[in-house]
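J.: Supplied in structure tokens, the structure appears directly below.
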Ligand SMILES: Cc1ncc(COP(=O)(O)O)c(C=O)c1O
């Protein structure tokens, strides 16, 4: 069955063993998408969408913050564009893709993750594969959708998976392949690069190896929420999209762009998958204020500023790591993972000096930091390979200074 809305044969799929129409759930493939008013016309006397002709009722006052005033100047009583093509065009250009038909926009990448599961994986019978420790929403969305989860843990030292330095997390490609071959109901493989909480990039060669694995008929989703924070060149899987139609790369404006509040996530993928996501999403998922801010964030001037803030944060990441190293004699381990994101993960060890990670002490320090010192980090000690660990987001210079001072005090006393 062809994909509704996609010109047949315009977009060949690769590799040969991948057939997009076999990955998409039959009910989704057969879906006649809702045609919303703004799909047809967006100019003129608009009496087609039951909007409020008199506009919003927020009093206009000069006392309002300028940013609120500028938000109110948007046509807030009108439904927004269902497609937001100008944003897609800027994102396609930024990431080196041929056009807007390779770009889908969601309410954060969390919506992208949920939609991918909904369109590909049948509740009750089919599964996704994840590689713990990893971002928690893959499993949560799977559970919400009554979809099974197969787990193939990352390897810590790189001696079983692709080569990596000691302490780095790498995908156990051979085990992923084994799991796929053993269970044809796995439709999506979620890989996070740089990983959360590992901070570690997945090499493009590992990705290729899974994408080319003939037993896998599904889609590899590479979550690149933190990709702009790596200093490694050509690390993004977006460069593989022209070779592989069974790849979907998700990104977000929440991290490097500093726009977590506006909720804009992106899927870069083969136009067939993009069309399916478009056919399935809620008609006006991306709001007008979000779209307006996203467009502003994608101007050349904004991109320059973003790049300079990323340099500041990557330098601060180095300062944070060095500051944490100085605390090692007080029972702190070396940071784990590869630090390619805007956070670091560090194990808290037993006070006795045994060198062993200590979840009880880590939890105590984590809670005291938050409840008595007003510094909130994330406890990750329950994740595989992360015993005793807390994850610390790279803050401003001042925030890092406070964190290090408070950590020192608590490591001395707890
Ligand atoms: C790996 C990863 N993916 C996705 C997200 C969600 O991003 P968004 O704000 O775009 O929904 C997060 C948020 O922390 C994340 O860590």
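J.: What is the extension gain from residue 43 to residue 175, computed as 0.36 nm multiplied by their sequence separation minus the C-alpha to C-alpha distance, in nm to one decimal?
T.: Details: separation 132, 0.36 × 132 = 47.52 nm, distance 5.45 nm.
Stretched out fully, the residue 43 to residue 175 stretch lengthens by 42.1 nm.
J.: Next up: Show me the ranking of peptides 367-377, 96-106 by mean Cβ neighbours inside 10 Å, starting with the highest.
T.: Answer by packing, highest mean first, reads 96-106, 367-377.
J.: Starting with the highest mean, order 223-236, 18-31 by the number of other Cβ atoms within 10 Å, averaged over the residues of each peptide. Write out the running numbers ahead of the final one.
T.: On the way: 223-236: 18.9, 18-31: 15.9.
So the order, starting with the most tightly packed, is 223-236, 18-31.
J.: What order, most packed first, do the peptides 390-397, 195-202 have when packing is the mean number of other Cβ atoms within 10 Å of each residue?
T.: 195-202, 390-397
J.: Still on this model: Between residue 32 and residue 240, what is the label-point separation in nm under the 7 Å Cα-to-beta-carbon projection?
T.: A separation of 3.9 nm, rounded to one decimal place.
J.: Treat each spin label as a single point 7 Å out from the Cα along the C-beta direction, and report the residue 50 to residue 308 distance in nm.
T.: Calculated label separation equals 4.9 nm.
J.: Could you give the angle, 0 to 90 degrees to the nearest 10, between helix 271-280's Cα long axis and the longest principal axis of the Cα atoms of the chain?
T.: So the helix axis and the longest Cα principal axis differ by about 80 degrees.
J.: Provide the gained length on full extension for the span residue 13 to residue 77, in nm with one decimal, where the gain is 0.36 nm per separating residue minus the Cα-Cα distance.
T.: 18.9 nm is the gain from fully extending residue 13 to residue 77.
J.: Would you mind telling me which residue in 352, 205, 287 has the biggest mean-square fluctuation in a Gaussian network model of the chain, where springs connect alpha carbons within a distance under 10 angstrom?
T.: Checking each option, the largest mean-square fluctuation is seen for 352.
J.: Compute the FRET efficiency between residue 261 and residue 284 as 1/(1 + (r/R0)^6), taking r as their Cβ-Cβ distance and R0 = 22 Å, and round to the nearest 0.05. The partial results should precede the final answer.
T.: Values: r = 19 Å, r/R0 = 0.84.
So the FRET efficiency works out to roughly 0.75.
J.: Give me Rg/Rg_expected for the chain, where Rg uses Cα atoms only and Rg_expected = 2.2 N^0.38 Å with N residues.
T.: Computed over Cα atoms of the chain, the ratio equals 1.06.
J.: Here's something else I'd like to know. With each label point set 7 Å from Cα along the Cα-Cβ vector, what nm distance links residue 145 and residue 4?
T.: Between residue 145 and residue 4, the label points sit 1.9 nm apart.
J.: Would you mind telling me the antiparallel percentage of the DSSP bridges in the chain, rounded to 5?
T.: Here the share of antiparallel DSSP bridges comes out near 55 percent.
J.: Bin width 5 Å, origin at 0, all Cα-Cα pairs of segment 304-413: what percent of pairs per bin?
T.: Final binned percentages: 2, 13, 24, 26, 19, 10, 4, 2, 1, 0.
J.: Roughly speaking, what is the stretch gain from residue 94 to residue 60, that is 0.36 nm per residue apart minus the C-alpha to C-alpha distance, in nm to one decimal?
T.: The span from residue 94 to residue 60 would gain 8.6 nm if fully extended.
J.: Further, regarding this structure: If one takes the longest principal axis of the Cα atoms in the chain, at what angle in degrees, from 0 to 90 and to the nearest 10, does the Cα axis of helix 397-413 lie?
T.: So the helix axis and the longest Cα principal axis differ by about 40 degrees.
J.: Another question about this same structure. With angles folded into 0 to 90 degrees, how steeply does helix 300-326 sit against the dominant principal axis of the chain? Use alpha carbons for both and round to 10.
T.: 20 degrees
All of the numbers you see were taken from the coordinates with simple rules; none came from a lab. Given the structure is predicted, the values throughout are model-derived calculations rather than measurements. Methodologically, a virtual Cβ is constructed for each residue, glycine included, from the backbone with ideal geometry; neighbour enumeration extends over all protein chains shown.
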